Amino acid sequence: MAAGRMGELLKEMYAQLWQGFGPQGWWPGETPFEVIIGAILTQNTNWTNVALALTGLKAGGLLNPRALREMPEGELAGRIRSAGYFNVKARRLKNFLDFFSHHFQDSLEKMAAADLPSLRTALLTVKGIGPETADSILLYALHKPTFVVDAYTFRILSRHLPIPEACSYEELQELFMENLPAEVSLYQEFHALLVRLGKEFCRPRPRCPGCPLHEWPVAGE
């Protein structure tokens with residue numbers, strides 16, 4: 001499909017989702033650092049469980065780099081138990097905190113000043129941070145124009161757009177970034193709208209009635 005036509009389809013999809021759901025205001029978080037911690041904790045769980053862990057850390061005055069880095073790993077695991085896989089996630093948080101301290105001296109300003117390609121590459125060297133988590137940190141915490149791809153994105157686009165069956169994360173990300181303006185607010189809202197669509201309608205067993213994309217043809221038709 002020509003690039004121009006794909007861009008038109010993506011813009012039409014965005015417009016219909018916006019009309020159906022309105023702005024999502026995602027990612028919830030009072031500070032960029034909270035967004036980063038939330039992005040790591042939300043792996044393989046739902047946001048309600050992550051919010052409980054974040055609330056507990058904030059209540060204890062612990063949601064800052066130094067406090068989390070100095071906390072024993074076992075204690076940290078106990079404090080984020082609600083997020084699931086708490087031992088693994090405690091280790092991943094420690095890995096990120098060591099990276100943050102070593103490369104940026106716990107400064108979000110220094111981190112945000114780095115250019116997108118080099119910062120993304122650096123984040124992907126942190127054990128436990130994959131492309132989706134890295135892009136979530138870059139887009140929502142640091143306001144870098146990179147598109148977040150997740151399971152909802154794969155599912156929705158495979159049903160509504162002519163994309164290859166074996167489309168990789170990078171290929172699907174490029175689909176958005178090559179056909180849409182490089183605007184942080186657009187990328188944030190589009191991703192958030194796709195997440196909502198995937199949760200409410202475009203499930204593994206789809207619930208099509210009432211879906212904002214219900215009138216769209218199935219991919220390949």
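The values are calculated or read from the model by the stated rules, or taken from the named source; none is laboratory data. Small disclaimer: the values here were computed from a predicted structure and weren't measured. Counting neighbours? That spans all protein chains shown, and the Cβs are built from the backbone with ideal geometry, glycine included.
Starting from residues that are closer than 25 Å to residue 49 by Cα and out of contact with any Asp or Glu (no Cβ under 9 Å at 6 or more places or on another chain), keep the ones in region 94-122 and report whichever is surrounded by the most Cβ atoms within 10 Å (Cβ to Cβ).
Looking only at region 94-122, we keep the residues that are closer than 25 Å to residue 49 by Cα, and these are 94-98, 100.
Imposing the further condition that a residue be out of contact with any Asp or Glu (no Cβ under 9 Å at 6 or more places or on another chain) reduces the set to 95-96, 98.
Numbers: 95: 16, 96: 24, 98: 12.
Among residues in region 94-122 that are closer than 25 Å to residue 49 by Cα and out of contact with any Asp or Glu (no Cβ under 9 Å at 6 or more places or on another chain), the one surrounded by the most Cβ atoms within 10 Å (Cβ to Cβ) is 96.
Take the residues of region 145-169 that are among the polar types (S, T, N, Q) and without any contact (Cβ under 8 Å) to a residue 60 or more places away in the chain: which is farthest from residue 120 (Cα to Cα)?
The first filter runs over region 145-169 and keeps only residues among the polar types (S, T, N, Q), leaving 146, 153, 158, 168.
After this cut, where a residue has to be without any contact (Cβ under 8 Å) to a residue 60 or more places away in the chain as well, the list is 146, 153, 168.
Working: 146: 9, 153: 20, 168: 17 Å.
Applying the filter and picking the extreme gives 153.
Can you report the number of residues in region 22-63 which are among the aliphatic types (A, V, I, L, M) and surrounded by fewer than 16 Cβ atoms within 10 Å (Cβ to Cβ)?
Here is the first cut: in region 22-63, the ones among the aliphatic types (A, V, I, L, M) are 35-37, 39-41, 50-54, 57, 59, 62-63.
Subsequent filtering for residues that are surrounded by fewer than 16 Cβ atoms within 10 Å (Cβ to Cβ) retains 52, 59.
The qualifying residues number 2.
Among what's in region 84-93 and is over 22 Å from residue 139 (Cα atoms) and in contact (Cβ under 8 Å) with a residue 24 or more places away in the chain, pick the residue that is surrounded by the fewest Cβ atoms within 10 Å (Cβ to Cβ). Outline the logic, then answer.
Restricting attention to region 84-93, the residues satisfying the condition of being over 22 Å from residue 139 (Cα atoms) are 84-88, 90-91.
After this cut, where a residue has to be in contact (Cβ under 8 Å) with a residue 24 or more places away in the chain as well, the list is 84-85, 88, 91.
Working: 84: 17, 85: 16, 88: 13, 91: 16.
Selected residue: 88.
What number of residues within region 70-86 are part of a helix (DSSP H, G or I) and among the hydrophobic types (A, V, I, L, M, F, W, C)? Reasoning before the result, please.
So the first thing to find is which residues in region 70-86 are part of a helix (DSSP H, G or I), and the list is 70, 73-79, 81-83, 86.
Narrowing the set further to residues that are among the hydrophobic types (A, V, I, L, M, F, W, C) leaves 76-77, 83, 86.
Here the count works out to 4.
Suppose we filter region 162-178 for residues that are exposed (fewer than 13 other Cβ atoms within 10 Å of the Cβ) and either aromatic (Phe, Trp, Tyr) or under 16 Å from the mean Cα position of the chain (by Cα) (or both); how many remain?
So the count comes out to 1.
Just one of (1) assigned by TED's automatic domain parsing to the domain that holds residue 98; (2) polar (S, T, N, Q); (3) assigned to a helix (DSSP H, G or I) trips up residue 16, so point out which.
The failed condition is (1).
Going by the structure shown, is residue 63 over 19 Å from the mean Cα position of the chain (by Cα) and either outside the structural domain of residue 135 (by TED's automatic domain parsing) or in a helix (DSSP H, G or I) (or both)? Spell out how you get there, then give the answer.
Numbers: over 19 Å from the mean Cα position of the chain (by Cα): yes; either outside the structural domain of residue 135 (by TED's automatic domain parsing) or in a helix (DSSP H, G or I) (or both): no.
No, not satisfied.
Could you check how many residues of region 64-80 are within 21 Å of residue 29 (Cα to Cα) and surrounded by 16 or more Cβ atoms within 10 Å (Cβ to Cβ)? Steps first, please.
The initial filter retains those residues of region 64-80 that are within 21 Å of residue 29 (Cα to Cα), namely 64-69, 76-77, 79-80.
Cutting the leftovers down to surrounded by 16 or more Cβ atoms within 10 Å (Cβ to Cβ) gives us 65, 68-69, 76-77, 79-80.
So the answer is 7.
Give 132, 200 a once-over and let me know the one that is out of contact with any strand residue (DSSP E or B) (no Cβ under 9 Å at 6 or more places or on another chain), surrounded by 17 or more Cβ atoms within 10 Å (Cβ to Cβ) and either modelled with pLDDT of 95 or more or basic (Lys, Arg) (or both). Explain how you work it out, then say what you get.
Working: 200 fails: surrounded by 17 or more Cβ atoms within 10 Å (Cβ to Cβ).
Of 132, 200, the one residue that is out of contact with any strand residue (DSSP E or B) (no Cβ under 9 Å at 6 or more places or on another chain), surrounded by 17 or more Cβ atoms within 10 Å (Cβ to Cβ) and either modelled with pLDDT of 95 or more or basic (Lys, Arg) (or both) is 132.
Kindly evaluate residue 139 against the criterion of being surrounded by 20 or more Cβ atoms within 10 Å (Cβ to Cβ), under 30 Å from residue 202 (Cβ atoms) and of a type in the set (A, V, I, L, M, F, W, C). Before the answer, list the steps.
Working: surrounded by 20 or more Cβ atoms within 10 Å (Cβ to Cβ): yes; under 30 Å from residue 202 (Cβ atoms): yes; of a type in the set (A, V, I, L, M, F, W, C): yes.
Yes, satisfied.
Taking region 59-80, which residues are free of Cβ contacts under 8 Å to residues at least 24 places away in the same chain and either in contact with a helix residue (DSSP H, G or I) (Cβ under 6 Å, 6 or more places away or on another chain) or not aliphatic (A, V, I, L, M) (or both)?
60, 61, 70, 72, 73, 74, 75, 76, 77, 78
Tell me which helices (runs of 4 or more DSSP H) are completely within region 87-198 and hold 1 or more residues being closer than 27 Å to residue 63 by Cα and of a type in the set (D, E, K, R), or say none if there are none. Show your work before the answer.
On the way: elements: 108-113, 116-123, 131-136, 151-160, 169-179.
Here the list reads 108-113, 116-123, 131-136.
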